[in-house]
Amino acid sequence: MKLNTENWQEFMLSSLFDMRNGFFNNKPETIETKRTSTSVPFLGATAENNGVTDYCAIKSIMSSNRTGETDNTLEGKIFAGNCITITNNGSVCHAYFQSSTFTSSHDETICTPRFELNMQIAMFICSIINKERYKWSYGRKLHDIEKSKNIVIKLPVQSNYDGSPVIDTTYKYSQHGYIPDWRFMESYIQSLHHKPLTTKRGHNKTLELNISEWAEFYVGDLFDEIYKGTAYTDEDIEETVGTIAIPYITRTDLNNGCKYTAAVTDEFSIETGNAITIGDTTATCFYHNGDFITGDHMVILRAKWLNKLRGLFMISLFNKEKLKYSYGRAYKIDNIKKTLLKLPIQRNKAGMPIVDKTHKYNRDGFIPDWQFMEDYINALPYSDRLFI
């Protein structure tokens, strides 16, 4: 189903939703990292995990007021599901559908629908709201609830047989009387090619991470090669009639760093797979199993010990470094080499660290536990569906 936005009309969010901010300024005292049968998702200002940052027990929510002091009520702290939430601080203007009960920080705007909402309609509207994100970058925030209420989005509208828009004389959703075409939104999402994700992995076998027994390693000691990739531009690729289609890796934080699949010739400097890339101005980090070419400001890391599972473990640690290199600080090669990553280490049967007398990876002779990294990734739910 194609989208023809020519006849879509503008709607203010406050005409579609009742909107208010989340509750907590400080998180409740007791926070859980995993969901249990008695916990409630806690939403914060994040661009990941559908807005969920932690989980809270009802008892913990009840015992804390807005600033974390003793309260012993649930008034205003719990929100019903079947609504949309929008981050108004931190990672601003990320919209998510919440299907079940949750609690929230003040950094979320809760949008309760004035119409009959379902998951498909919500997914459609969230994607439109997310297109507004660029307006709130570089320090602009949506903390003022009025700013969120005044966000205007374009939606398909209900029309008559002659193609003219249906007009609602109560002007419920629009000052011009337009009515969003809920059925079209639902049908469009349902038409997208997808099927439920399945897995052969269990959901209760994740290995524990005891980082107190890990050791620090300099990235420069871990990797055999760290170098700048050959920088290609869109113009370089557009002017080439190629026969080899491979990922074009840039500094984007989306789609595993792939801006698009490029058709290139064998005259291009093609990087072989089994490598990690880092955008030196964005600190975006990804593992690549297959061949690729790179855009500007891309650093490539290689090592004999590297494989897909170990690479996925490593990039999760690299991504923890991202905050250190925002706001104009570049993650140049020298900074990458000096980065300290804490890793699990190999131990003997007595639990003592195995020491490499050549001190190849660590000045104290510690050796990263590559097998644990592989086992940890393999134990994750849906890990059998990983492909890069």
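The values are calculated or read from the model by the stated rules, or taken from the named source; none is laboratory data. What you see is a predicted model, and the numbers here were worked out from it, not measured in a lab. All Cβ positions, glycine included, derive from the backbone under ideal geometry; neighbour counts span all protein chains shown.
Remark: Leu155 matches the filter, which requires a residue to be touching a residue at least 40 places away in the same chain (Cβ under 8 Å), of a type outside the set (S, T, N, Q) and in contact with a helix residue (DSSP H, G or I) (Cβ under 9 Å, 6 or more places away or on another chain).
From the list Trp214, Trp182, the one residue that fits, being out of contact with any strand residue (DSSP E or B) (no Cβ under 8 Å at 6 or more places or on another chain), touching a residue at least 12 places away in the same chain (Cβ under 8 Å) and either surrounded by 12 or more Cβ atoms within 10 Å (Cβ to Cβ) or not assigned by TED's automatic domain parsing to the domain that holds Ile336 (or both), is Trp182.
Scanning the range 176-205 for residues that are in contact with a Lys or Arg (Cβ under 9 Å, 6 or more places away or on another chain) and either at pLDDT 95 or above or not charged (D, E, K, R) (or both) turns up Ile179, Leu197, Thr198, Thr199. Determine, yes or no, whether Ser104 is assigned by TED's automatic domain parsing to the domain that holds Phe17 and more than 12 Å from Ala47 (Cα to Cα). So Ser104 fits the description; yes.
Name the pairs whose Cβ atoms lie under 8 Å apart, with the first residue in the range 360-372 and buried (at least 20 other Cβ atoms within 10 Å of the Cβ), the second assigned to a helix (DSSP H, G or I) and not hydroxyl-bearing (Ser, Thr, Tyr), and 6 or more positions between them or separate chains? So the pair list comes out as Tyr361/Asp221; Tyr361/Leu222; Asn362/Asp221; Pro368/Leu222. Every listed requirement among (1) in contact with an Asp or Glu (Cβ under 9 Å, 6 or more places away or on another chain); (2) at pLDDT below 95 is met by Ile300 save one, (2). Considering only the range 59-85, state which residues are within 15 Å of Ala122 (Cβ to Cβ) and either at pLDDT 95 or above or touching a Phe, Trp or Tyr at 6+ places or on another chain (Cβ under 6 Å) (or both). Within the range 59-85, Phe79, Asn82, Cys83, Ile84, Thr85 meet the criteria.
Against the definition (of a type in the set (A, V, I, L, M) and in the same structural domain as Leu340 (by TED's automatic domain parsing)), how does Val219 come out, yes or no? So Val219 fits the description; yes. Reported count of residues in the range 1-19, each being in a strand (DSSP E or B) and of a type in the set (A, V, I, L, M), is 2.
Annotation note: of Asn49, Asn72, Asn4, the sole residue that is of a type in the set (S, T, N, Q), free of Cβ contacts under 8 Å to residues at least 12 places away in the same chain, surrounded by fewer than 18 Cβ atoms within 10 Å (Cβ to Cβ) and closer than 23 Å to Met185 by Cβ is Asn4.
Condition check ((1) touching a strand residue (DSSP E or B) at 6+ places or on another chain (Cβ under 7 Å); (2) within 25 Å of Ile226 (Cα to Cα)) across all residues:
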site	(1), (2)
Lys338	yes, yes
Ile345	yes, yes
Met352	no, no
Lys357	no, yes
Asn362	yes, yes
Pro368	yes, yes
Gln371	no, yes
Ile377	no, yes
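Is it the case that the range 58-65 has a residue that's within 15 Å of Ser100 (Cα to Cα), in contact (Cβ under 8 Å) with a residue 60 or more places away in the chain, surrounded by 11 or more Cβ atoms within 10 Å (Cβ to Cβ) and in contact with a strand residue (DSSP E or B) (Cβ under 9 Å, 6 or more places away or on another chain)? Within the range 58-65, not a single residue is within 15 Å of Ser100 (Cα to Cα), in contact (Cβ under 8 Å) with a residue 60 or more places away in the chain, surrounded by 11 or more Cβ atoms within 10 Å (Cβ to Cβ) and in contact with a strand residue (DSSP E or B) (Cβ under 9 Å, 6 or more places away or on another chain).
Count of the range 308-339 residues, restricted to those that are among the polar types (S, T, N, Q) and either crowded, with 16+ Cβ neighbours inside 10 Å or not assigned by TED's automatic domain parsing to the domain that holds Lys228 (or both), is 2.
Counting only strands (runs of 3 or more DSSP E) that fall entirely inside the range 216-264 and contain at least 1 residues that are more than 26 Å from Leu343 (Cα to Cα) and modelled with pLDDT of 85 or more, the qualifying elements are 244-249, 258-264. Pairing each residue of the range 316-344 that is closer than 17 Å to Thr284 by Cβ and of a type outside the set (A, V, I, L, M, F, W, C) with any residue that is assigned to a loop (DSSP other than H, G, I, E, B) and at pLDDT 85 or above, provided the two are 6+ apart or on different chains, yields C-beta distances under 7 Å for Glu321/Ala283; Glu321/Thr339; Lys322/Ala283; Tyr325/Ala283; Tyr325/Tyr331; Tyr331/Asp280; Tyr331/Ala283; Lys332/Asp280.
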